[in-house]
Amino acid sequence: GLATDSQGLVEFVAYYQDPKLGQVHERSRFTRQKDRWFYVDGDALPPLWPKRSDLCWCGSGKKYKACHGR
């Protein structure tokens, strides 16, 4: 969005392990009031699981297949 926008969208994917790998994929709506952004609501989206040759979600720099994809 732009600095003058009063509404915005953020799409994110968050991975977690508890003990199995899980994921939250959401498109969230925000509104700006007096130069501050506030969460309004969000829509759950289908998972975006990494492909075997993608970088691992954990940030190790390894490919998924050689890290958490085993």
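Ranked for footprinting exposure by Cβ neighbours inside 10 Å, fewest first, LYS51, LYS34, LYS63 give LYS34, LYS51, LYS63. Look at where the Cα atoms of the range 8-32 and of the range 45-70 average out, and the two centres are 16 Å apart. Residues whose amide H lies under 5 Å from that of LEU45, counting only those 5 or more places away or on a different chain, are HIS25, GLU26, ARG27; hydrogens are built 1.01 Å from N in the peptide plane. A Förster radius of 35 Å, combined with the Cβ-Cβ distance separating LEU55 from LEU2, puts the computed FRET efficiency at roughly 0.70. Of the labelled figures (1) 1.13; (2) 1.06; (3) 0.92, only one reflects Rg/Rh (Cα atoms, Kirkwood Rh) as derived from the coordinates, namely (1).
For the range 13-70, please report how many Lys pairs fall under 17 Å Cα to Cα, leaving out neighbours fewer than 8 apart on the same chain. If you can, show how the numbers build up before the last one.
Numbers: LYS20/LYS65; LYS51/LYS62; LYS51/LYS63; LYS51/LYS65.
Taking the Cα cut-off of 17 Å, the pair count is 4.
Computed from the coordinates by the stated procedures, all read-outs in this text should not be read as laboratory data. Since this is a predicted model, take the numbers as computed values, not measurements. We place every Cβ from the backbone using ideal geometry, glycine too, and count neighbours over all the protein chains shown.
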